[in-house]
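All remarks here apply to the structure that follows.
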Amino acid sequence: MRSAVAGVLLFAGTAAAGPAIESIAEIRSLPPAEAAKGLPVSIEAQVLRVQPSLLGFFAFDGKHGLYVGRYRGNSTPRPLESGDMVRIEGFTSAGEFIPDVSAERVTVLESRPLPEARPLRLDEINSAGIDCDWVSVTGRLTSMLIGGKTFQAIVLQLEMHGLIAMSIQVPYSEEAEKQLAEIMFKQVRFDAVIGSVFNRQRQLTGRVLYVNSVADFKPLHEEEPGAELQSVPIHSLMRLGVDHQQAVRTHGRVTYAGPREIFLRGEQACLKAAVLDGSAVEVGQRVELEGFTVREAVSPGFRARSVSVLEPAESNGGPEPQAVILEAELGPGLNYELVKIQARLVDVGKTFGLLPNELEGRGRLSLLCRSGTHLFEAKLPPGMEVSEQLRPGALLELTGICHLIENRRIQWRLFIDGLWLQLRSEDDLVVLQPVPWWTTKRLLWISGAALGIASLFLVWVAALRKTVGRQTAVIGKQIKRETVLNERQRIARELHDTLEQGLTALSIQLKNILRKIEKNPASAGASVELAESMLRVCREESRASIHDLRGGILEEMDLQAAIEHTLGPLFENSTAVFAVEREGAPLRLTLFAEHHLLRMVTEAANNAIAHAAPKTFRVELRYSPNEFRLVLEDDGCGFDPGIIQGTGRFGVRGMYERANRLHGTLEIESKAGRGTKLHLAVPVAEFIKEEDHE
């Protein structure tokens, strides 16, 4: 009583908020937030279908449909029926998918025949706007499932145009189940309310059709009465020249019969057929099916509306399974074949993720097995328990229906990804070799083998130590010889890069002094001082070379500054102009690397001034995260790199040796009269300073 009074007060409060909505179209157009405000509603519509378990019904005003929910205790004087014209008074609700109405009062005005339903078009199936519409549907019934006790409904699967699958709900009764079995796998036409399957974000995820009665299904005649159906072998189904939309006959010998499906072995292929009652068929019988072919992943399937026995089962038992040795590639001819496979058991469980999604989670136990390079699952029959012998490592002989698995990532051609076996009974599983228990004899044998291996290992270690000692002595001698040779090359290179380059520069300066003395003796004093300074530099560099050149000016400045500081005095009294350019964020390399780079720049500059008479000398430093590039370019007279390198001069040879020490690549481009260009590429990761790296 209290809830009824509260409902009346709520309705009165919402009615006072404004005029009542009188159109289903207006309710459907409300945004969810607006519909949730409980706006008053007063509409007239016709009941299309009553949902007794949900205390609601679908209403239709001739153009649009709507779901109406009713509170318990607010029923009409008699139960609502399809066709009733009613006045609905209540308030709007946001609904779970589209806005609906919560009814406070439903008044039956009269009863009329249901309106003519409009045809359902394929292009609107995925449209949210057709929710609750009254539609006429044509398709083929493909399966039937009895719902739970709560809903007491029969759930059918409908196939439209051989492609689109939809669910149908019909009120349950024993008579309805019998009548539906008679029209199963046939083309039918019926009127229904189209409902929606949706997620919590109010997004459409599927469709369901609500039908009032089995009597609403009208079977369609797909062939002329008395017409002779075409007989097609299993291996010719779905081939060119066979109309899959027409009923056909096919035949084969039964290899397995389940409650709703049977498997046949034909002349060249096998077939899985959905049937109304598989219990009437026995394994080994030769049967003829009448029905329709359907496209499936690996090979065609069949929906049989009738099964006729042509020959009884043979007295010596059912058909023999085909012994199969799994190879790298599986042929499509194995699909639905009764096979026998020997395999090692890997594990036992409900699923291992190898089956297609529609086969996962059915609750049956699976055996994960390996045969050759193939890992596959064998599904046990329902209710079969696992024996103690089924332990990982056991050798099994499995007999069952082979189901090939399509590789769905490749769409342009059929590729077989693997297989799974459907065992028919406990007799299809034979343990050929169980996993052995440990015995004392085997334990002693393994212990003796382990002791023998350990002894051999100790002997091998002793022999290895002697061999390593001899090889170490040989390697030590080679290292000593190579160390002496490398040290000689290093000393020669350092002397060339320091003392000889300094003396070369001093020689150039002395030539300048002679020219100045001949022209203007008074101006030669500064040049003499400069020559003295250069001589002092030579002495300092010689001393630094003796002490292994540990850092020098590179400890006080970066590479660019060191190059400018070193080349400045060299080009001061030369007609050539030099420039240092930088590209990228500078990185400090190790002193070892920067020392060699500075020496190469100095050597190239000295060679250019001494031999090429350039007008410009350009140094380019290119920094990147992975590589450092040094480019040296002058516009002097040029030379032939091959000839110079072949002469054995220390300058060019020293450059190549320095490049090798830096694990870099050096390229020299030069032609007579066209200048010289030097490219050096050095990997940064090997020579970056630790502080910069961090």
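For the reader, a short list of remarks on this structure follows.
- S366, sole failed condition from (1) at pLDDT below 90; (2) surrounded by 13 or more Cβ atoms within 10 Å (Cβ to Cβ); (3) in contact with a Pro (Cβ under 9 Å, 6 or more places away or on another chain); (4) of a type in the set (G, A, S): (3)
- Members of the stretch 338-353 that are within 15 Å of L380 (Cβ to Cβ) and in a loop (DSSP other than H, G, I, E, B): K350, T351, F352
So that you can scan it fast, the table gives a plain yes or no per residue for (1) touching a residue at least 60 places away in the same chain (Cβ under 8 Å); (2) in contact with a helix residue (DSSP H, G or I) (Cβ under 6 Å, 6 or more places away or on another chain); (3) under 15 Å from R140 (Cα atoms):
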site: A181; (1), (2), (3): yes, no, yes
site: M184; (1), (2), (3): yes, no, yes
site: Q187; (1), (2), (3): no, no, yes
site: Q203; (1), (2), (3): no, no, no
site: G206; (1), (2), (3): no, no, no
site: L209; (1), (2), (3): yes, no, yes
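- Of residues in the stretch 113-126 being surrounded by 12 or more Cβ atoms within 10 Å (Cβ to Cβ) and more than 13 Å from F190 (Cβ to Cβ), the one nearest to the chain's Cα centre (by Cα): I125
- Selection within the stretch 34-54 - farther than 23 Å from V135 by Cα and touching a Gly at 6+ places or on another chain (Cβ under 8 Å): A35, L39, P40, V41
- Top-ranked residue in the stretch 310-336 [being out of contact with any strand residue (DSSP E or B) (no Cβ under 6 Å at 6 or more places or on another chain) and outside any loop (DSSP other than H, G, I, E, B); ranked as farthest from Q285 (Cα to Cα)]: P332
- Qualifying residue in the stretch 344-354 (condition: touching a helix residue (DSSP H, G or I) at 6+ places or on another chain (Cβ under 8 Å) and buried (at least 17 other Cβ atoms within 10 Å of the Cβ)): no
- Identity of the residue in the stretch 56-86, touching a helix residue (DSSP H, G or I) at 6+ places or on another chain (Cβ under 9 Å) and over 24 Å from G38 (Cβ atoms), that ends up modelled with the highest pLDDT: K63
- Answer from V242, V248, V193, V197 - the residue that is in the same structural domain as L163 (by TED's automatic domain parsing) and without any contact (Cβ under 8 Å) to a residue 60 or more places away in the chain: V197
- Looking across the stretch 229-271, the residues that are among the polar types (S, T, N, Q), at pLDDT below 90 and over 38 Å from the mean Cα position of the chain (by Cα) come down to Q230, Q246.
- V214 satisfies every condition listed in (1) under 30 Å from F60 (Cβ atoms); (2) in contact with a Gly (Cβ under 7 Å, 6 or more places away or on another chain) except (2).
- Test: T107 is loosely packed, with under 15 Cβ neighbours inside 10 Å and assigned by TED's automatic domain parsing to the domain that holds G95: yes
The values are calculated or read from the model by the stated rules, or taken from the named source; none is laboratory data. Please read all numbers here as calculations on a predicted model, not as lab measurements. We place every Cβ from the backbone using ideal geometry, glycine too, and count neighbours over all the protein chains shown.
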